[in-house]
Amino acid sequence: MNSAEQAFVSAPAAPQRAAGGASMPWYAAQAGECALFEHCYAQQLPLLIKGPTGCGKTRFVEHMAARLARPLITVSCHDDLSAADLVGRHLIGHGNTVWADGPLTRAVREGAILYLDEVVEARKDTTVVLHPLADDRRVLPIERTGELITAPPEFMLVISYNPGYQNLLKGLKPSTRQRFIALTLDYPEPAVERAILEREGRATPEIAARLVQLAQALRRLTDHDLEETASTRLLVMAARLVASGLPLREACRAAVVDALSDDHDTLRALDEVVRAVVGDGD
């Protein structure tokens, strides 16, 4: 067990608190990512978070927003997300045309933290609107209204993506990437992941250990065409099913195996791994 794991495991189980005493989304730190986020916020630097699906990127951002006592605006990016969806557009209502801010503009005006999840899923022309905010200018020009909004010190831009999904058609342009401080997250170390399952999945220590052992076995698979492997998120869902009374193997099949593939041969192979690790019984 390394020092980071020891520090986490020995930490008290009391609820985490934000500034002012309010509870904040629980997050198990892996290394120095919390400190890096705080330094970026203090220096008004945008942050790019890279990591596989289900490793805790969104929870991390939620935790840090609460820790810094800043409002958080989250946008889940997709193929049809346009610049107007982020910045805003004119709407017609009651015979009048009015301007409606998009989430990016709201975040700048309010001094919020804007989190663009899976930013590479958005249209390529969409990320260009981030450039003036992601460099020393820290301004948002709105062409349709003629405004030039200067971001307050409290505003922070955070984006994330899964490097495993990148290809020639869906990648982050160098002109965008090089404006951001980069942070790489991965699945937690075993001791930390077990503690997460006990806390978030209400798993017993024994169930948590078996689920983490299963995840490690699945993550070592290299001869099956899996887009993703067993994430911490899937393990938490399996743990919750077990906590509600479902047998462990059935929970693993429903929450993990069937979530990873639709191919019958691959499902059979994954099920064999489950049988080898957790057995045939409860």
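Any residue at all in the range 122-133 that is touching a residue at least 24 places away in the same chain (Cβ under 8 Å), part of a strand (DSSP E or B), of a type in the set (Lys, Arg) and surrounded by fewer than 17 Cβ atoms within 10 Å (Cβ to Cβ)? There is no residue in the range 122-133 that is touching a residue at least 24 places away in the same chain (Cβ under 8 Å), part of a strand (DSSP E or B), of a type in the set (Lys, Arg) and surrounded by fewer than 17 Cβ atoms within 10 Å (Cβ to Cβ).
Residues in the range 180-199 that are part of a helix (DSSP H, G or I) and either out of contact with any helix residue (DSSP H, G or I) (no Cβ under 7 Å at 6 or more places or on another chain) or not small (Gly, Ala, Ser) (or both): how many? Spell out the reasoning first.
Initially, the range 180-199 is screened for residues part of a helix (DSSP H, G or I), giving 190-199.
Still in the list and also either out of contact with any helix residue (DSSP H, G or I) (no Cβ under 7 Å at 6 or more places or on another chain) or not small (Gly, Ala, Ser) (or both): 190, 192-194, 196-199.
Final tally of qualifying residues: 8.
Out of ALA238, ALA230, ALA215, report the one residue that is within 18 Å of GLY51 (Cβ to Cβ) and either in contact with a Gly (Cβ under 9 Å, 6 or more places away or on another chain) or acidic (Asp, Glu) (or both). Exactly one residue qualifies, and that residue is ALA230.
The residues listed here are VAL108, VAL75; of these, the one that is surrounded by 13 or more Cβ atoms within 10 Å (Cβ to Cβ), assigned to a strand (DSSP E or B), under 24 Å from the mean Cα position of the chain (by Cα) and not polar (S, T, N, Q) is VAL75. In the set (1) assigned to a helix (DSSP H, G or I); (2) touching a helix residue (DSSP H, G or I) at 6+ places or on another chain (Cβ under 7 Å), SER175 fails one condition alone, (2). Output the residue which, of all residues in the range 185-210 that are more than 22 Å from ALA35 (Cβ to Cβ) and of a type in the set (Gly, Ala, Ser), is surrounded by the fewest Cβ atoms within 10 Å (Cβ to Cβ). My answer is ALA209. Checking ASP265, ASP186 one by one, the residue that is closer than 25 Å to PHE60 by Cβ and not hydroxyl-bearing (Ser, Thr, Tyr) is ASP186 and no other.
Readers should treat all values here as calculations from the given coordinates under stated rules, not as data from a laboratory. All values derive from a computational prediction rather than experimental measurement. A quick note on method: Cβ atoms are made from the backbone with ideal geometry, for glycine too, and the neighbour counts reach across all protein chains shown.
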